[in-house]
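What follows is a set of notes on a single structure, which appears directly below.
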Amino acid sequence: MLTPAFELTQDPDFLTIIIKVPYARASEFDVYFEGEDFKFYAKPYFLRQLTLPGRIVEDGREKASYNTDKGTFTIRLPKEIPGQYFEGLDMLTSLLAPKKSRSAKPLVEEIAASAELSEEEEEFDWEIEQTPYKESAESTLPLQYRYGFGNLRSGVFQQLQDELSDVIDIKDPDQTPVDERRRKRLAAETAKFEPDHYLADFFEDEAIQHVLKYKPWWVDAHKKMIALQGESHQEHDTHTFVVFSEEEREQLRKFTNKSYLLDKRSRHHVYLGLIDILLAYCYEVCVNEGDKNVESSWNVRKLSATLCWLESFTSIHDVLVSFGRRVLCYPLHRHFGLVTRAFNDTVMILQLGKAAVLKCLLDIHKIFMENDPAYILNDLFITDYCVWIQKTKSKKLAALSESLRKTTLAKSHIGFELEELEAAAVLVQEEESMLKAAGTVSKQQLPSSESETSDSEESSSTSSETEGSDSDERESSTSEDGKINSLQGTLQEEKTAPLIDCNGLRQGTNTSSFEVSDEKSTVSLPSTSVPGKLVEELEKQMHTAIRLSEQPEGLATASCVLQKQEE
């Protein structure tokens, strides 16, 4: 027999059950309902027992119809008390649970059942009572320490040594007590924290501000819930805000229903572990904007100390501090704003009720199932959480969300001196800005002085070039003819002034002056008037001067001398 897919909805007067039986014969089916029991049979489908959260009655108003295109039966059953609200119609695993035995002497009795019922009514204190540590004799110490959902498991990792390092960070959980796990976790987080990475994300947070704008599905659902609560104070079906997909319903049908015998301390650990897991999941959804990738499984289990270190928390504040430390140590984006965002999202999910919590747990279950070997965490934690949350009272989750909302987390609680790091980094940044501003002002004052310096450098280079050419000519003339007389020396001096004039130096009409730069001194030579007899002699010696100068500069000098003589 096959268990068919089904879903339940309600209105003030009727309960509607939709059953999908695509391969059944519509002419042959049986329906049985009485009080809180409902059964359905249409070969090869058999819904053996459906335990309803409220009573239904057979009074002639019941209806049943079959849709041949979709292959679904729709059955409408009247409520025994019109207007009664049936809670938990989305909790399919708990609805499929068999009805409790009515025998006077049951074979198995839940001893803590009565205590659990009384505990539901009293106000729940989320702080676990602390007791001083007492050393025990070695004979009384347990051989293995417990972990997992409600600390109900032990000895699991002895058989999974190869997968151990890929799932959790603690090396030998079966032989490591809770206090030692916590000490090792805190030491590992302190060693892993990188101030440079944190400050880089603190100052360059464009990518982080972008992901913080993402709104997951529970944000809109929470807004609808607040709007409806403002209109009336009546309870509303969570199905209005939280919708399960067909794949999620199939997951719920595959779970095996269980009863968990938890004492008060274990229940505290379970609730606080739930907060820790939801915080890690909210971070994952935010930074990846709802998309899944190969790092999704790593993010959830690495940020949750419950999953990664098998931690058992004692207070909500301890949960928040642990999550904040791990966010600033391990993932790609290490920003305190992401811690605050995950905190607010977790409060919303808990306020939406167990349907929203269950939907998140189903998504985590799917993420771990698709990653090897993270599926071990499903067996240790997530599957049990999915079954357990369906039987949890909504008032308990409301009280948990209110306690979480009132808990505060500051940067000073994290323990990494974040505020001091930020203040020091801001001071360094301000000093760099002041230095840059000073450098800009000095650069603006430089152009005028640089232009003057460049002008002087150009003039000196021009004069040096001229003097260099002068000396070259003199050396050339001397090497060509060592017997040049004083008249020819005078000719050389006369050639110098026109040469300077031809090379661009300023010269007056009657007088000309120039400076000859030497390594030892600077000489200023005045120009003299040329006598008439000297001009005649210069004309006679012209051909000789031209022969002495073989280089082009000599030719240019001779032409300059002729020009001067003509003037």
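From the cross-link list K184/K395; K20/K224; K79/K354; K79/K366; K213/K391, which pairs have alpha carbons spaced over 28 Å apart?
Result: K184/K395; K20/K224; K79/K366; K213/K391 exceed 28 Å.
Got a number for the accessible area of L2? Probe 1.4 Å, square angstrom, nearest 10.
That residue has around 90 Å² of solvent-accessible surface.
Got a number for carbon plus sulfur as a percent of the stretch 5-96's accessible area, 1.4 Å probe?
Carbon and sulfur together cover 48 percent of it.
Probe 1.4 Å, all protein chains in place: accessible area of H210 in Å², nearest 10?
100 Å²
Report the relative contact order of the stretch 5-96, percent, no decimals, based on alpha-carbon pairs under 8 angstrom and at least 6 residues apart.
About 33 percent, as a whole number.
From the phi of every residue in the stretch 216-228, what ³J(HN,Hα) in whole Hz does the Karplus formula 6.51 cos²θ - 1.76 cosθ + 1.60 yield, where θ is phi - 60° and glycine or proline is x?
x, 5, 6, 5, 5, 4, 5, 4, 5, 5, 5, 5, 5
What distance in nm separates the two pseudo spin-label positions at H197 and T340, each 7 Å out from Cα along the beta-carbon direction?
My value for the distance between the label points is 2.2 nm.
Amide H to amide H, which residues 5 or more places from F38 or on other chains are under 5 Å from it, using H placed in the peptide plane?
It is L50, L52, by chain and number.
Would you tell me the accessible area of W309, worked out with a 1.4 angstrom probe on the heavy atoms of the protein chains, in Å² to the nearest 10?
So the heavy atoms of W309 present about 20 Å² to solvent.
By accessible area of protein heavy atoms, probe 1.4 Å, what ranking do D37, D169, D379 get, highest first?
So, going from the largest accessible area down, we get D379, D169, D37.
Between the stretch 26-74 and the stretch 252-282, how many Å separate their Cα centres?
32 Å
What shape does the stretch 301-402 have by the C-alpha gyration tensor, where a ≥ b ≥ c are the square roots of the eigenvalues, rounded means a/c under 1.5, and otherwise prolate means a/b greater than b/c and oblate the rest?
Note, shape of the stretch 301-402 comes out oblate.
Under a crude label model (7 Å from the Cα following the beta-carbon direction), how far is A26 from T408 in nanometres?
Between A26 and T408, the label points sit 6.4 nm apart.
The values are calculated or read from the model by the stated rules, or taken from the named source; none is laboratory data. None of the values given here were measured: they were computed from a predicted structure. Because the Cβ atoms are built from the backbone with ideal geometry, glycine has one as well, and the counts that use them run over all protein chains shown. Ligands, DNA and RNA are excluded from the accessible area calculation, which covers all protein heavy atoms including side chains. Shrake-Rupley method; radii C 1.70, N 1.55, O 1.52, S 1.80 Å.
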